[in-house]
Amino acid sequence: MSRRNEVILEAQGLTKHFGGAAALKDVSFSAAAGEILGLIGPNGAGKTTLLNLLSGVLKPSSGKVLFGGRDVSGLKPHAIARLGIARTLQTPRSFPSMTVLENVMVGALFGQTHRAHSSAAAARQAEPILDLMGLGGRRHSPVASLNLQERKRVELARALAMAPRVVLIDEAMSGLNPAEIEDAMRLIGRLRDETGVAIIWVEHVVKAIMEVVERIIVLDFGKVIATGSPSEIARNDAVIEAYLGTRA
């Protein structure tokens with residue numbers, strides 16, 4: 001497990017252009033082991049583009065992504081994943097005809113640091129993760145039979161089975177009802193506490209971010225407009241303006 005407070009992931013001057021438009025402009029930040037870092041901003045602010053750069057889905061127009069001090073900016077997504085950066089998506093992409101256990105085993109077989117080399121080893125690696133995620137009782141259920149909350153948990157469990165050092169979470173609360181949101185908030189905090197992974201979490205449910213994370217980065221029009229604790233962000237005039245649309 002990584003030492004808490006050790007910087008594990010850094011973005012240095014990340015910029016991404018699509019044609020003549022800049023989706024991200026000179027974005028820099030760092031994330032430490034054992035930290036939950038929230039990433040918020042209005043629609044179109046560049047949040048998912050940033051996750052795509054961190055995970056290798058996109059290559060930056062300029063700037064770098066450093067993971068454990070290594071420049072990983074030019075690597076393919078599968079190579080970055082095997083180094084230890086896992087990713088979930090807003091819309092879960094599981095294997096619906098496979099069971100919950102089999103889906104999580106895929107992560108154990110693909111991961112790098114503690115990679116399982118047989119189905120039996122992958123199952124042993126997946127079992128405690130299913131219990132941690134509250135999915136133990138559904139281990140033999142096909143994913144197609146699960147509700148949205150459960151499918152989101154399967155996706156996160158599969159990412160954790162890769163034994164990552166960083167997990168990128170994209171809108172874990174999307175589509176959930178208030179009770180499910182409360183459950184998901186508690187779960188994300190427990191994952192950090194029990195696994196020591198760094199979590200970079202994009203979320204539109206600002207209440208969830210404010211109550212769970214230690215530090216928040218706010219994007220607007222592709223730029224970082226604020227960084228700080230939840231209480232600092234809540235009082236920041238630039239953030240209030242971006243969300244309430246009070247620009248002159």
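Place a +1 charge on the Cβ of each Lys and Arg in the range 93-163 and a -1 charge on the Cβ of each Asp and Glu, then give the dipole magnitude about the Cα centre in debye, rounded to the nearest 20. Magnitude of the dipole: close to 120 debye. Panel note: the C-alpha atoms of the range 116-248, placed on their principal axes, show extents of 60, 29, 23 Å (largest first). Distance between the pseudo-spin-label points of residue 98 and residue 121 (7 Å out from Cα toward the beta carbon): 1.7 nm.
Converting phi to 3J(HN,Hα) with the Karplus coefficients 6.51, -1.76 and 1.60 and the offset θ = phi - 60°, the range 68-84 yields x, x, 9, 6, 10, 4, x, 7, 6, x, 5, 5, 5, 4, 6, 6, x Hz in sequence order, with x at every glycine or proline. Between residue 22 and residue 182, the simple label model (points 7 Å from Cα in the Cβ direction) yields a spacing of 4.4 nm. Under a Gaussian network description of the chain, with springs only between Cα atoms under 10 Å, the residue in 205, 104, 154 that fluctuates furthest is 205. Applying 0.36 nm per residue to the separation of residue 174 and residue 91 and subtracting their alpha-carbon distance, the gain on full extension is 29.0 nm. Computed over the chain with a Gaussian network model linking Cα atoms closer than 10 Å, the most mobile of 204, 17, 78 is 17. Computed from backbone phi, the HN-Hα couplings of the range 129-142 come to 5, 4, 5, 4, 8, x, 10, x, x, 10, 4, 9, 7, x Hz, rounded to whole numbers (Karplus: 6.51 cos²θ - 1.76 cosθ + 1.60, θ = phi - 60°; Gly and Pro given as x).
Taking each residue as 0.36 nm, the span from residue 214 to residue 76 lengthens on full extension beyond its C-alpha to C-alpha distance by 46.7 nm. Whose amide H sits under 5 Å from the amide H of residue 84, counting only residues 5 or more places off or on another chain, with H placed in the peptide plane? Those qualifying (amide H under 5 Å, at least 5 residues apart or on another chain) number zero.
Each 5 Å bin from 0 upward holds the following percent of the Cα-Cα pairs of the range 93-163: 4, 22, 34, 25, 12, 3, 0. The residue list 130, 83, 243 was ranked by how far each Cα lies along the charge dipole of the chain toward its positive end, using unit charges on Cβ atoms, and 83 comes out on top. Think of it as helices only: each DSSP H run of n ≥ 4 in the chain is worth -39500 (n - 2.57), and spread over all residues that comes to -11000 deg cm²/dmol at 222 nm. Rounded to the nearest Hz, the phi-derived 3J(HN,Hα) couplings of the range 209-220 under the Karplus curve 6.51 cos²θ - 1.76 cosθ + 1.60 (θ = phi - 60°) are 4, 4, 8, 10, 7, 8, 8, 10, 10, 10, 9, 8, where x marks glycine and proline. Pairs of Cα atoms nearer than 8 Å and 6+ residues apart set the relative contact order; for the range 93-163 it is 50 percent. Largest GNM mean-square fluctuation across 87, 192, 124, computed for the chain with C-alpha springs under 10 Å, falls on 124. Pairs over the 23 Å Cα-Cα cut-off, from the set 16/47; 25/64; 16/152; 76/223; 59/207; 59/223: 16/152; 76/223; 59/207.
Three principal axis extents describe the C-alpha atoms of the chain; from largest down they are 59, 40, 36 Å.
A short reminder: the numbers here are calculations on the coordinates, not readings from a lab. Fair warning: this is a prediction, and the values are worked out from it, not measured in the lab. Positions of Cβ are backbone-derived with ideal geometry, glycine not excepted, and every protein chain shown enters the neighbour counts.
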